[in-house]
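Structure provided below as structure tokens; questions to follow.
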Amino acid sequence: MSKNSKVLNLKDKISGNEVDLSLCNLTEVPVKELALLPKATVVDLSCNNITSLPPEFCSLTHLVKVDLSKNQLTCLPDDLGNLVSLQHLDLYNNKLTALPISFSQLRSLKWLDLKDNPLEPGLAKAAGDCLDEKQCKQCASKVLEHMRAIQDEVDRAREKRLLREKELEKKREAKQREREAREKEARKREKAEEKEKRRKEYKAQMAALAAQEQQQKKKSEDKKKKNGQATDKVVVESAPKPRRSLVGLVFKLLLLLLLGLVGVAAACQLADLQKEAMCVPIRAAMNDGLSWAKKQEDVIRQLVQNLSSVGVQQPALHLAV
């Protein structure tokens, strides 16, 4: 039966609030068409070839009774618990081994049939037999209790997992903080090392400048010493001058003495005292002195020349040393 034919024939399957789709050889549930019939709260899908229910089936929250017996269902959708209005569910003679965890949320469920399904032992024990109305009601109650217990275990496991994840996250955060602290400390050390390096470079530069200044100072001192030695040489060279000055002074004194004698003699001559007792010896001494001076003139000149030559030779000797 095609989809269009299902849409066209679906109204023929409605009777009051019930839609009878049993024995229609269906392989899937016409969810969209059922969603357009919110007043159809009872759906009979038994005796078909349905292997699974689509996730959209869980949006049919208006359903109160669903019969899926004698199909090929191997599993139910995970969100089956969204069918909050569901009170009667017939899953007889399918291939179910387990129920979704959300099954525990079917709080309105009052009747359940799970006979002839290869259920896992725990679920099969909770379901028990469903041979009459009472047993089917007990099946619904016990299966819901069983599924709530599983839900609790799942919740606890999830909480433990979340707790482990939180602890792991805390550990990761702690490691991240430690890594950031190490990186911060490393950057701090690098800055300190860089600062120390700059300080050493600055000290080295200052030491080099100081050494350069010391070297320049030493050169200056050496230059001053050389200049001092040159000054000493100049002083040595100028040393003979006092000798020449002394000779000149002696010569001048002698000249003054002679001039004095000449003056006295002149005074005696002008005063007509030539024959006085005082002037006679002065005149005689002057005459002798002039005679001696004339004789010694050449000697004095030679002496002055000798002294001058000695004064010039001594500085030359000092320079040679």
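Does residue 133 satisfy being at pLDDT below 95, over 17 Å from residue 80 (Cβ atoms) and within 60 Å of the chain's Cα centre (by Cα)?
No; evaluated as a whole, the condition is false for this residue.
Here's the yes/no breakdown for (1) more than 23 Å from the chain's Cα centre (by Cα); (2) of a type in the set (S, T, N, Q); (3) closer than 30 Å to residue 110 by Cβ:
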site	(1), (2), (3)
141	yes, yes, yes
174	no, no, no
178	no, no, no
220	yes, yes, no
224	yes, no, no
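Moving to a separate point now. Tell me, yes or no, whether region 31-39 has at least one residue that is closer than 22 Å to residue 118 by Cβ, surrounded by fewer than 20 Cβ atoms within 10 Å (Cβ to Cβ) and either of a type in the set (Lys, Arg) or assigned by TED's automatic domain parsing to the domain that holds residue 127 (or both).
Taking every residue of region 31-39 in turn, none turns out to be closer than 22 Å to residue 118 by Cβ, surrounded by fewer than 20 Cβ atoms within 10 Å (Cβ to Cβ) and either of a type in the set (Lys, Arg) or assigned by TED's automatic domain parsing to the domain that holds residue 127 (or both).
Next question. Which of the residues belonging to region 114-149 are in contact with a Ser or Thr (Cβ under 7 Å, 6 or more places away or on another chain) and surrounded by 18 or more Cβ atoms within 10 Å (Cβ to Cβ)?
119, 144, 147
Moving on to the next point. Determine whether residue 96 is touching a Lys or Arg at 6+ places or on another chain (Cβ under 8 Å) and part of a loop (DSSP other than H, G, I, E, B).
no
The values are calculated or read from the model by the stated rules, or taken from the named source; none is laboratory data. This structure is a prediction, so every number in the text was calculated from the model and none was measured. Because the Cβ atoms are built from the backbone with ideal geometry, glycine has one as well, and the counts that use them run over all protein chains shown.
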